[in-house]
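Colleague: Below is a structure I'd like to ask you about.
The values are calculated or read from the model by the stated rules, or taken from the named source; none is laboratory data. From a predicted model like this one, the values you see are computed outputs, not experimental measurements. The area values use the complete protein model at the heavy-atom level, side chains included, leaving out ligands, DNA and RNA. Shrake-Rupley method; radii C 1.70, N 1.55, O 1.52, S 1.80 Å.
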Amino acid sequence: ITLTPQAAQQVHKAAEQTGAQGNPLRIAARADADGSIQYGMGFDEQREHDMLIHCEGVTVLVSPGSTSLLKGVTLDFVELNPGEFQFIFISPDAVGGPGK
C-alpha cells in the first residue's frame, strides 16, 4: 500500500486534531460476498503479526488478513465535489475507478 503526499498530509492533520500523534495508521480491507472490497482506517497500536509500512512519513499497520487485499492499493485524499474532500482507496484492479 502507498499513500499519496496529499493523503499523508491529511493523516498528519487528523493525528494532530485527535491527539493521535505518534500512533500508526491501521488500514484494513475485507471482501464482501458480492466481491467488492470494503476499506477502513484509523489510528491504532501495533499488534504482534502486523506488517509495518513506512510511506510519506506515515507508519501504516496492516494485519495479515488484509495484506493480500491491499496489495498495490494507493490511499489518496481528493476533492470529489467542490469543497468535498475524502480519502479514497485506488485498487490496481479497478477499471475506470477514481484516479484512473
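Colleague: Mean residue ellipticity at 222 nm from the helices of the chain, using -39,500 (n - 2.57) per DSSP H segment of n ≥ 4 over the full residue count, to the nearest 500 deg cm²/dmol?
Modeller: -4500 deg cm²/dmol
Colleague: Please identify, among Thr18, Thr74, Thr59, the residue showing maximal mean-square fluctuation in a Gaussian network model of the chain using a 10 angstrom Cα cutoff.
Modeller: Looking only at Thr18, Thr74, Thr59, the biggest GNM fluctuation is shown by Thr18.
Colleague: Further question: Starting from 0 in steps of 5 Å, tell me what percent of the Cα-Cα pairs of the chain lands in each bin.
Modeller: P(r) over the chain, rounded to whole percents: 2, 12, 23, 25, 19, 12, 5, 1, 0.
Colleague: Counting heavy atoms of the protein chains only and a 1.4 Å probe, report the per residue accessible area for the stretch 17-62 as a whole number of Å².
Modeller: 65 Å²
Colleague: On to the next question. For Val78 and Thr59, calculate 0.36 nm times their separation in residues minus their Cα-Cα distance, and state this gained length in nm to one decimal.
Modeller: Contour length minus Cα-Cα distance gives 4.8 nm.
Colleague: Per-residue HN-Hα couplings for the stretch 40-45, Karplus 6.51 cos²θ - 1.76 cosθ + 1.60 at θ = phi - 60°, whole Hz, x for Gly and Pro?
Modeller: x, 7, x, 6, 7, 9
Colleague: Hey, another quick one. Share of the chain's accessible area from carbon and sulfur, percent, 1.4 Å?
Modeller: 50 percent
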